[in-house]
Amino acid sequence: MSAHAAHKTRKLMEHMQCLLSLPTISSNSAALDMSNMPVINYLAEQFSALGFECEIVPCESTNGNVKANLIASLGKGPGGLVLAGHTDTVPMDAELWSVDPLAVTEKDNRLYGLGSTDMKGFFALILEAVQPFLGQPLQQPLIVLATADEETSMSGARKIAEIGRPKARYAIIGEPTGMKPIRAHKGVMMETIRLQGRSGHSSDPSLGINAMEAMHDVLSELMKYRAELQQRYHNPLFAIDKPTMNFGCIHGGDNPNRICGHCELEFDIRMLPGMEAELLRTEIDSRLRPLAERWKVGFEFTPLFPGAPAFMCPAESDLIRTAERLTGHAVGTVAFGTEAPFLQNMGMDTIVLGPGDIDQAHQPDEYLALDRVQPCINMLRSFITHYCVKP
């Protein structure tokens, strides 16, 4: 390896080490949730040193933790390319890791660490990919977008959509797709239903109203509705070509000899493109509220978070054709959600394309395969050349 190549490798590993060593866990649990500002400040410092114009955009703080996005721009113009990713990670079970989750460990031709593949490692690759374009005029701007709280509320992407920046023509989100371009994914809504009955001595059912029994009817009605949705919506682009509804957790009552006075259900729906969360919520409410009235139980139906829309990039997009040419892979679809619909709704042709694999995400010993690093850097340089240097 030449001295120049060794220096580049060392610099990339330094970026990876710094990014992963700064914990930025995003969680609905106040005990686990953290600010993402250490990574935002690090990226702003690095991109500013390379000549990018950096703007830190505060977004909604959670659990007392400050959150922000970063928009780093090189060049000016009405078009251009956005390379986007999120700065947060899921929580970790450190005792289940065989290596330090807050460090980069290189072994078995892999780079281990929390966020290596999902997806702080993507920013280290961007920092390397932009090197040949520094100091030369770009015909269209290159923009790096780093967001907050993708793993929970997507408040960072929602803030970007609210302010209408950055402006660009194309966007690539570097979520783990195995270097295969993704043009569509499902959306997700997560909901909770709370029923309030009346407790009493279990020896006489007439003394109370059993919320758990009422919830049994709620579940039956939701299962009927699920079957109707699966008859109504179908998309052959997806491996699971119908919407799904999963009953994730249920809690009720407090003792076997007391009539169950309260019961709570949490569930999710994975929506196909064309399905709207608010319409589904209206339909669910109209089916369940009369049932609750018949049982004479209190009824509360609320979202756990606003939901993330489904996403589909038009098949005729130049970005799709370019991605297929540069990667050698036909575009596909995935079941997991991303920030893509928020960027698309701002007017950008958007795809999801990154070096990691989704089956490595959200689990102990997360890693990025070393043989994906240089191909991803080369691919990003080709996209920058195509859309920013020779648009």
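Taken together, the values in this text are just the output of simple stated rules run on the coordinates, not laboratory data. Computed from a predicted structure; not experimentally measured. Backbone-built Cβ (ideal geometry, glycine too); neighbour counts: all protein chains shown.
Some notes on this structure:
- The spread of Cα positions in region 14-140, taken along each principal axis and listed from longest to shortest, comes to 49, 39, 21 Å.
- Taking other C-beta atoms within 10 angstrom as a stand-in for reagent exposure, K67, K296 fall in the order K296, K67, fewest first.
- With respect to the chain, whose longest principal axis is taken over its alpha-carbon atoms, helix 3-21 is tilted by about 20°.
- Region 65-201: C-alpha gyration tensor shape, a/c 1.5 cut-off, then a/b vs b/c: oblate
- Think of it as helices only: each DSSP H run of n ≥ 4 in the chain is worth -39500 (n - 2.57), and spread over all residues that comes to -9500 deg cm²/dmol at 222 nm.
- 0 to 90° range, to nearest 10: angle between helix 37-49 axis and the chain longest Cα axis: 20
- Net charge in the neighbourhood of G347 (other residues with Cβ under 13 Å of its Cβ; Lys, Arg +1, Asp, Glu -1) is +2.
- When each of K76/K120; K76/K159; K107/K180; K167/K242; K67/K107; K67/K167 is checked by Cα-Cα distance, pairs over 29 Å: K167/K242; K67/K107
- Gyration tensor analysis over the Cα atoms of region 187-303 returns equivalent ellipsoid semi-axes of 32, 13, 11 Å (largest first, whole Å).
- Rg [Å, one decimal], Dmax [Å, integer] - the chain, C-alpha atoms: 23.6, 84
- Shape call, region 112-151: gyration tensor on alpha carbons, a/c limit 1.5: oblate
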